[in-house]
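S.K.: First the structure, which I've put down as structure tokens, then a few questions once you've had a look.
The values are calculated or read from the model by the stated rules, or taken from the named source; none is laboratory data. On a predicted model such as this, the values are computed, not experimentally measured, just so you know. Note that each Cβ is placed from the backbone with ideal geometry, even for glycine, and that neighbours are counted across all protein chains shown.
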Amino acid sequence: MVPSISVVDARPETATDRTEIADLPGGAYLEGRWQSADMTLEVRDPEDGFLLGRVCASSSDDVRRAIAHIRRHLLLEPWPLRARRQALEKATELLDQQHARFAAIIAAEGSKTIGEAEREVRRCIETLRLSALASSELSGSTLDFEDSLAVGHKIGWYTRKPMGIVAAITPFNDPLNLVAHKLGPALIGGNGVVLKPSERTPLSGLALVQLLLDAGVPAGRLAAIVGGPGVAEALVTDEDVDLISFTGGPRTAQRIAAAAGAKKILSELGGNNATIVCADADPVAAAEAIVAGAFGVAGQNCLSVQRVYVHTSLFDDVVEHVTRGTQALRTGSKFDRRTDVGPLISEAEARRIEEWVDEAIASGASLHAGGQRRGAFYEPTVLTDVPAQCRVIREEVFGPVVTLLPFTEISDAVQRANDSDYGLQAGVFTQSIDLALVIAEHLHVGAVVINETSDIRIDSMPFGGFKKSGVGREGVRHALYQMTEPKNTIINLTESGAPQQLLGGLPERTTS
Ligand code: NAD
């Protein structure tokens, strides 16, 4: 039985529609049961501090028990591929039916407007569907002994086997779909999973765990623990975890790498993504895409457009259109359908962004739009004349701030775009396919998007970055490869070892 948490405050009049989330999941899930002890971790709506409810503050002992339970079941209870596929297909159906409820949970606990939350649910349905389809990827191949120096006559093949237990650690900003990007591939691959969702937005992930159990995922394959860095460290240091699949910030990734020892770690980290607008681009189309890509989810998106390099001949035009488009955005309550930009995940984050923008302005930057904070809200902000050493350029802003910078030579724009510790994605606007492809060849990022900004992801593509943007790739099929390992079976064919009386008079062996 899932312990539900009830809405404990009255909803303020400004933000009307929280009724749909009365049935929120609570607790944590381990040893095949929802836990109701230690429900002390508060989940609040960042918009107004409204207390949505409480979930468990899991302990290190919970982590140990969750892992031990899954390990026992992995050994004792096979879960065939066909059943895994059917469970994920069923999960797709169930999520489609509960679309509105999940969107309301995402919008209530995080930063997304209700429209953005609805889009995340649709993407999550796609991620689960792709996970079910990926069952066909779990085949192997024969081994090429005839082309090797192997002694004697051998034949063999490899198949893909699950790693074992996957620790799935996720961030706050896509609290449903990024959980599905780990649970879907891990489960179809035959692993057990312990989820540790962000302590700031745990409800969407917990609701997805319940949905997967309802869809037929065995209780012995799945657990969810809740809490902050302490409990997460207990998870990553546990000797019985075979793979850590982490999405979050680079500093956290470093801590995980230092603590985890020799475990396999996949990490999807941040970006301070560049977009290049060439002299032959359509400035209006580019400006519209920049506004959409910079301010979606209040800029709290690893693919957000942060640095835009614009050819000098178009610079004033693009600045004007980006500024006008930004000023037209409406910042407000997530549940108001007229809202374009919701709050940051916390007031502390909004204050950090305020500090970074103030630092840029004090260093000589010009402010064209925004620059104002109200509680956890920060107005979408457009800057120019920002010196290269400022944090809004060098670091990941993860907030609603875009900087426009002029260039004259393409080589200079590419060099400045690459001058970053990150390498996640980049955009290029030009009408010349040759120019686009040359630029794409020289950008050191995981994906180059032509005639769009960096802010494009489809859930099937290999997704990830170079440099500090991560290690490995997600995108269901690609995650599945990393969450399974090839296992060889090799047969040494010895005729002398075969029972001679059973061999009879065999014909000569055929060779190619
Ligand atoms: P975060 O690194 O603060 O937290 C992410 C998760 O790590 C949370 O569940 C947190 O509890 C956990 N964690 C914290 N300390 C830990 C520790 N010592 N050991 C193990 N786990 C620990 O990130 P966030 O603020 O939730 O999310 C924002 C970051 O995530 C940004 O940098 C953003 O770019 C990145 N992100 C990347 C992608 C991608 O796919 N590349 C997608 C979304 C977000």
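S.K.: Considering only residues that are touching a residue at least 12 places away in the same chain (Cβ under 8 Å) and in a helix (DSSP H, G or I), look in the range 308-319 and name the one that is surrounded by the fewest Cβ atoms within 10 Å (Cβ to Cβ).
M.R.: Checked the range 308-319; the qualifying residue surrounded by the fewest Cβ atoms within 10 Å (Cβ to Cβ) is Thr312.
S.K.: Out of all the residues in the range 122-143, is one or more out of contact with any helix residue (DSSP H, G or I) (no Cβ under 6 Å at 6 or more places or on another chain), closer than 30 Å to Glu42 by Cα and of a type in the set (D, E, K, R)?
M.R.: As a first pass, look at the range 122-143 and keep what is out of contact with any helix residue (DSSP H, G or I) (no Cβ under 6 Å at 6 or more places or on another chain): 122, 126, 133, 136, 138-143.
Narrowing further to those that are closer than 30 Å to Glu42 by Cα: 122.
Of the ones still in play, those that are also of a type in the set (D, E, K, R) are 122.
The answer is yes, given that some residue of the range 122-143 is out of contact with any helix residue (DSSP H, G or I) (no Cβ under 6 Å at 6 or more places or on another chain), closer than 30 Å to Glu42 by Cα and of a type in the set (D, E, K, R).
S.K.: Now for a separate question. Looking only at residues in the range 203-252 that are among the charged types (D, E, K, R) and outside any loop (DSSP other than H, G, I, E, B), which one is nearest to the ligand (Cβ to nearest atom)? If you could, list the steps in order and put the result at the bottom.
M.R.: Taking the range 203-252 as the starting set, the residues that turn out to be among the charged types (D, E, K, R) are 214, 221, 233, 238-240, 242, 251.
Checking the rest, the ones that are also outside any loop (DSSP other than H, G, I, E, B) come to 214, 221, 233, 251.
Values: Asp214: 24, Arg221: 21, Glu233: 5, Arg251: 7 Å.
Here the answer is Glu233.
S.K.: Moving to a separate point now. Taking the range 272-307 on its own, how many of its residues are within 16 Å of the ligand (Cβ to nearest atom) and assigned to a helix (DSSP H, G or I)?
M.R.: 7
S.K.: Continuing with this model, one more query. Which members of the range 253-271 meet the condition of being near the ligand (Cβ under 9 Å from one of its atoms), out of contact with any Cys (no Cβ under 6 Å at 6 or more places or on another chain) and in contact (Cβ under 8 Å) with a residue 40 or more places away in the chain?
M.R.: Result: Ala253, Ile256, Ser267, Glu268, Leu269.
S.K.: Now for a separate question. Please verify whether Gly190 is surrounded by 17 or more Cβ atoms within 10 Å (Cβ to Cβ), more than 19 Å from the chain's Cα centre (by Cα) and either assigned to a loop (DSSP other than H, G, I, E, B) or free of Cβ contacts under 8 Å to residues at least 40 places away in the same chain (or both), treating the condition exactly as stated.
M.R.: Values: surrounded by 17 or more Cβ atoms within 10 Å (Cβ to Cβ): yes; more than 19 Å from the chain's Cα centre (by Cα): yes; either assigned to a loop (DSSP other than H, G, I, E, B) or free of Cβ contacts under 8 Å to residues at least 40 places away in the same chain (or both): yes.
Yes, satisfied.
S.K.: Any residue in the range 208-215 that is in the same structural domain as Ala100 (by TED's automatic domain parsing) and within 16 Å of the chain's Cα centre (by Cα)?
M.R.: There is at least one residue in the range 208-215 that is in the same structural domain as Ala100 (by TED's automatic domain parsing) and within 16 Å of the chain's Cα centre (by Cα).
S.K.: Under 7 Å between Cβ atoms, at least 6 apart or on separate chains: pull out the pairs that start in the range 459-481 with a residue that is more than 10 Å from the ligand (Cβ to nearest atom) and part of a strand (DSSP E or B) and end on any residue that is of a type in the set (Asp, Glu) and modelled with pLDDT of 95 or more.
M.R.: Lys467/Asp421
S.K.: Let me confirm something: among Ala426, Ala388, Ala440, which residue is more than 16 Å from the ligand (Cβ to nearest atom) and closer than 28 Å to Gln327 by Cβ?
M.R.: Going through Ala426, Ala388, Ala440 in turn, the sole match is Ala388.
Listed here are the residues, each with its yes/no results for (1) modelled with pLDDT of 95 or more; (2) within 23 Å of the chain's Cα centre (by Cα); (3) of a type outside the set (D, E, K, R); (4) more than 30 Å from Gly249 (Cα to Cα).
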{"site": "Asp61", "(1), (2), (3), (4)": "yes, no, no, no"}
{"site": "Thr113", "(1), (2), (3), (4)": "yes, yes, yes, no"}
{"site": "Leu128", "(1), (2), (3), (4)": "yes, yes, yes, no"}
{"site": "Asp144", "(1), (2), (3), (4)": "no, no, no, yes"}
{"site": "Gly152", "(1), (2), (3), (4)": "no, no, yes, yes"}
{"site": "Pro162", "(1), (2), (3), (4)": "yes, yes, yes, no"}
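S.K.: Now, a different point. Tell me, which strands (runs of 3 or more DSSP E) lie completely within the range 353-426 with 3 or more residues that are buried (at least 21 other Cβ atoms within 10 Å of the Cβ)?
M.R.: Filter on the range 353-426 gives 381-384, 401-407.
S.K.: Among the residues of the range 59-82, which ones are under 28 Å from Thr40 (Cβ atoms), touching a residue at least 12 places away in the same chain (Cβ under 8 Å) and of a type outside the set (Lys, Arg)?
M.R.: Ser59, Ser60, Asp62, Val63, Ala66, Ile67, Ala68, His69, Ile70 - these are the residues of the range 59-82 that are under 28 Å from Thr40 (Cβ atoms), touching a residue at least 12 places away in the same chain (Cβ under 8 Å) and of a type outside the set (Lys, Arg).
S.K.: Can you give me the number of residues within the range 338-352 that are part of a helix (DSSP H, G or I) and basic (Lys, Arg)? Working first, answer last.
M.R.: Step one: of the range 338-352, the residues part of a helix (DSSP H, G or I) are 347-352.
Remaining after also requiring basic (Lys, Arg): 351-352.
Residues flagged as part of a helix (DSSP H, G or I) and basic (Lys, Arg) within the range 338-352 amount to 2.
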